Each structure stands twice: as C-alpha cells, then as structure tokens.
Amino acid sequence: MQHHFDILIVGGGLAGNCLALALKDSGMQIAIIEAQTRKQLYASPIGDRALALAAGTVNMLDALSIWEGVADKATAINNIHISDQGHFGKTRLSAQQQGLSSLGYVISARDIEDHVAHLVEQSAITRFCPARVVGVMAGQDAIHVSLKEHENSINLTASLLVGADGGNSSVRKLLDIPQQISDYGQTALVATVHSSLAHQNTAYERFTPHGPLALLPSADNQSAVVWTRNHQDAESLMSGGEADYLRQLQDCFGYKLGVLSLASVRRAFPLSLIKAQSMISQRAVIIGNAAHQLHPVAGQGFNLGLRDVAQLAEILLNQYQNQQDLGDPQLLAEYAAIRQKDHDKTIGFTDNLIKIFSSDWLALAAARNTGLLMLDHLPWAKNILVKHATGMAERLPRVGRKR
C-alpha cells in the first residue's frame with residue numbers, strides 16, 4: 001500500500017471531490033479520506049438542500065467535465081424577483097436583458113454530489129472510505145496523518161493536507177484553528193413545493209420582518225423553499241401540521257405562483273455565520289465549509305466554496321509543473337491572501353443583507369425600498385449586481401481541460 005501522497009484531501013463531499021477531479025490528470029499522487037460511505041452520504045438529509053449555482057460556478061463545473069453529467073437535472077434561473085414584504089420596493093433581473101443564457105441554475109445537492117462521487121470512483125484517485133483522521137503532525141518536509149479505517153490504523157504522509165470535511169471539520173480541530181461564530185438567531189426551513197401556476201424559471205427572494213424567504217425554480221413546476229424564521233417560530237412551524245405550515249408560507253409569499261402544496265418533507269437547519277480565523281497551517285489548508293459557513297440568503301455558500309477549490313487547484317498545478325514544494329508556506333500564504341478578498345466581500349454582502357432587511361427602523365426601511373426601486377430602473381446598476389450575483393465580477397481561476 002502506498003503511504004506517501006502529494007495531496008491528501010480529507011472530505012469526500014463536493015469541495016474535496018471537485019478538488020481531486022481538478023488535479024487528477026496532473027500526475028500528482030492524490031488520496032481522499034472520507035468518514036462516511038457513499039450510501040450514507042447519499043441518504044443524508046443535507047442532500048435535500050437546493051444549491052443555487054451562479055453562472056461562473058457552472059463554467060467551472062463545465063471545465064471540470066462535471067456539468068455535462070448533471071445539466072439535465074438542473075433548472076435554469078432566467079429571472080430573479082426581489083421584494084420587501086409590506087413595502088413598495090422591488091427589483092427584477094432578467095437573463096435576456098443582460099444578454100445571458102441564464103442567471104444561474106438550481107440543482108439538488110444530492111444529484112450533483114452523487115455524480116461527482118461517481119467520477120472520483122471512476123478515476124485513479126486513491127480513496128480511504130470509510131476512514132477518519134485521528135491525528136495530524138506537520139514536519140519540515142511532510143505532514144503526517146493518522147487514520148482509523150475500520151479497525152485498522154494507517155499512517156500516511158503528504159506534501160500537503162487539505163481539509164474539505166465540512167462545517168464540523170476534524171482537520172480544522174486537529175490543526176487547532178479557532179472559529180468566529182455569529183449566531184443569527186434564525187433557522188432555515190427547507191422544503192420543496194408544487195405551485196398551481198408555472199414558475200417560468202423565476203427565482204423569488206422576499207425579505208420579511210422574520211427573515212428572508214426564497215423560492216427557487218425546480219423541475220416539474222416545483223420550487224425549492226428556503227424560509228428563514230427565528231428559532232421559536234421555526235420550531236412551531238416544524239411541530240405543527242402541514243396545513244398550518246402551508247397557510248403561513250402562503251401568507252408570507254403571496255399568490256404569485258398560485259396555490260402552494262408540499263412536495264417533500266420539511267427540514268430545519270439553524271443558521272450562523274462561521275469563519276475560521278485562518279485558512280492555512282503548516283503544510284495544511286482548509287476550504288469550503290471547513291473554512292466558512294454563510295447565511296443562505298443570495299445562495300452564495302457553495303459558489304464561494306467552489307472558488308476556493310478552483311483557486312487552490314490553479315496554484316497547486318502551477319507549483320507542481322514547476323517542480324516546487326506543494327506545501328511551501330509562501331505558496332499557502334499567497335492562496336490565503338487571494339481568497340481572503342473574496343471571502344470578505346461575499347460574507348460581508350450576505351451578512352449586510354440580513355442586517356439591512358431585518359431592521360424595522362422606518363428610515364432604513366424607506367432607504368432600502370427606495371434603493372430597490374431605483375435599482376429596478378437603472379440598467380447599469382443591474383449589470384453590476386448581476387455580475388456579482390453570477391460570480392462574473394472578477395477573474396475566475398482556470399481549472400480543468402476546457403478553456
């Protein structure tokens with residue numbers, strides 16, 4: 001059995017598997033360590049969540065030859081309707097007016113995770129699964145990683161360790177990287193609904209005094225619901241019957257899509273803004289949800305994580321081609337500096353949205369609604385907003401074989 005690798009990736013979810021696929025044809029020796037079997041991952045309730053894929057994210061997935069396998073399971077977002085409940089402000093964005101084929105896509109996490117996992121299994125990438133990391137120790141020339149696979153203890157080394165193992169990251173904990181946690185005091189209620197009127201590929205973001213409500217277009221005239229409420233309201237809605245849940249959802253959203261009916265089970269996820277205080281350690285880096293967890297408003301979480309993947313893949317490929325150390329401290333510092341700008345901008349945007357639209361101060365309510373109304377009538381401002389929303393405002397890392 002091989003015991004030394006160029007890259008050890010902990011986490012066989014979307015971030016870890018996408019990174020492995022981005023590097024698989026480079027000649028690097030890569031291994032993925034995943035604590036759960038593929039069957040367990042597929043059955044996880046978190047697979048029910050809908051992912052809003054920005055246009056830039058779709059381009060990166062296409063470059064990794066992933067998109068072609070899931071495009072038929074995704075629903076295009078051609079229009080976005082933003083409103084503030086009980087106020088006059090609204091903004092409408094259109095892919096056609098922006099000269100785009102779409103503003104993004106909606107896909108279930110389970111569909112894309114399963115396809116990406118299949119691509120990894122078909123590759124030459126080594127997998128330790130189910131296995132969990134129990135120890136990490138960085139040395140001058142390599143990082144030492146101890147695993148527990150079934151009842152067997154395995155010791156591995158690598159030039160670089162990548163923690164892509166989600167919000168409860170064992171790698172982050174073993175590296176003693178602290179987190180900054182801000183509790184929003186909110187819970188996201190997630191479900192799928194069927195509507196009596198066609199959604200016409202329109203995504204709705206409705207800000208309410210209780211938190212944002214998003215309805216994202218899905219297949220078969222269904223919409224994925226992400227409804228934010230305070231913990232007490234969320235608990236009441238989850239413990240009550242479906243009829244009461246639908247009545248309150250309909251009251252909150254209105255009848256733009258006609259009558260709504262449940263098409264899935266309801267799930268609840270507490271919301272916090274979580275940021276690791278560092279993305280890097282000696283011969284180690286953390287990416288995706290291991291480094292940051294965002295409020296779901298504006299649907300930026302996965303898009304930000306995939307940009308972590310693409311940026312890391314780009315600098316590692318360049319380093320490997322130049323026969324340089326993949327765990328070089330200067331290289332990791334360069335990666336962290338580049339990503340910090342994107343993290344600060346994206347996290348700041350989502351966090352400020354919640355603060356601005358959650359306030360019932362009349363002056364702020366008037367200002368934000370005037371802003372929405374003005375935005376609806378200013379094409380140049382819409383163009384800027386769409387560029388940021390689609391992930392096309394800045395240069396995207398170049399990964400994969402397609403260019």
Notebook entry, point to check: Which peptide among 188-195, 306-313, 35-42 comes first, and what is the full order, when sorted by highest mean count of other Cβ atoms within 10 Å?
Noted result: 306-313, 188-195, 35-42
Check: Going by a ≥ b ≥ c, the root eigenvalues of the Cα gyration tensor, does the stretch 246-285 fall in the rounded group (a/c under 1.5), the prolate group (a/b larger than b/c) or the oblate group?
Finding: prolate
Item checked: Ordering of 104-112, 272-280 by burial proxy (mean other Cβ atoms within 10 Å per residue, highest first) -> 104-112, 272-280
Notebook entry, point to check: Which cross-chain or sequence-distant (5 or more) residues have an amide H under 5 Å from the amide H of Q29, H modelled 1.01 Å from N in plane?
Noted result: D6, I7
Next item on the list: Assuming a ≥ b ≥ c are the square roots of the Cα gyration tensor eigenvalues, decide whether the stretch 107-181 counts as rounded (a/c under 1.5), prolate (otherwise, with a/b larger than b/c) or oblate.
Entry: oblate
Next item on the list: Using packing as a proxy for protection, rank 124-132, 15-23 so that the peptide with the highest average count of other Cβ atoms within 10 Å comes first.
Entry: 15-23, 124-132
Notebook entry, point to check: Which of N17, I80, Q29 sits farthest toward the positive end of the charge dipole of the stretch 1-96, with +1 on the Cβ of Lys and Arg and -1 on the Cβ of Asp and Glu?
Noted result: I80
Next item on the list: Using label points projected 7 Å from each Cα along Cα→Cβ, tell me how many nm separate D325 and A243, to one decimal.
Entry: 6.9 nm
Margin query: Below 8 Å, C-alpha to C-alpha, sequence gap of six or more: please give me the relative contact order for the stretch 91-222 in percent.
Written below: 14 percent
Checklist line | Computed magnitude of the charge dipole of the stretch 125-214 (debye, nearest 20; Cβ of K, R +1, Cβ of D, E -1) | finding: 120 debye
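Tell me, what is a quarter of the convex hull surface for the C-alpha atoms of the stretch 16-130, in nm² with one decimal? Numbers along the way, then the final one.
Values: hull surface 37.7 nm².
The orientation-averaged projected area of the Cα hull of the stretch 16-130 comes to 9.4 nm².
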Check: Could you give me the ³J(HN,Hα) list for the stretch 112-128, computed from phi with Karplus coefficients 6.51, -1.76, 1.60 and θ = phi - 60°, whole Hz, x at Gly and Pro?
Finding: 6, 4, 5, 5, 5, 4, 5, 5, 5, 5, 7, 9, 8, 5, 6, 10, 10
Checklist line | Phi to ³J(HN,Hα) by Karplus 6.51 cos²θ - 1.76 cosθ + 1.60 over the stretch 239-250, Hz, x for Gly, Pro | finding: 7, x, x, 5, 4, 5, 4, 5, 4, 5, 5, 5
Next item on the list: Quick one: check the C-alpha center-to-center distance for the stretch 149-225 versus the stretch 91-115, whole angstrom.
Entry: 17 Å
Next item on the list: Mind running the shape call on the stretch 1-58? Use the C-alpha gyration tensor, a ≥ b ≥ c as the square roots of the eigenvalues: rounded below 1.5 for a/c, prolate if a/b tops b/c, oblate otherwise.
Entry: oblate
Note to self: Between the stretch 295-341 and the stretch 1-77, how far is it from one alpha carbon centroid to the other, in angstrom?
What the structure shows: 15 Å
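Grab the other residues whose beta carbon is less than 13 angstrom from that of C129, score K and R as +1, D and E as -1, and report the net. Intermediate values should be presented prior to the final figure.
Numbers: positive: R38, K39, R127, R132, K148; negative: E34, E121, E149, D165.
In short, +1.
Each value in this text was obtained by applying a stated rule to the coordinates, not by laboratory testing. On a predicted model such as this, the values are computed, not experimentally measured, just so you know. Backbone-built Cβ (ideal geometry, glycine too); neighbour counts: all protein chains shown.
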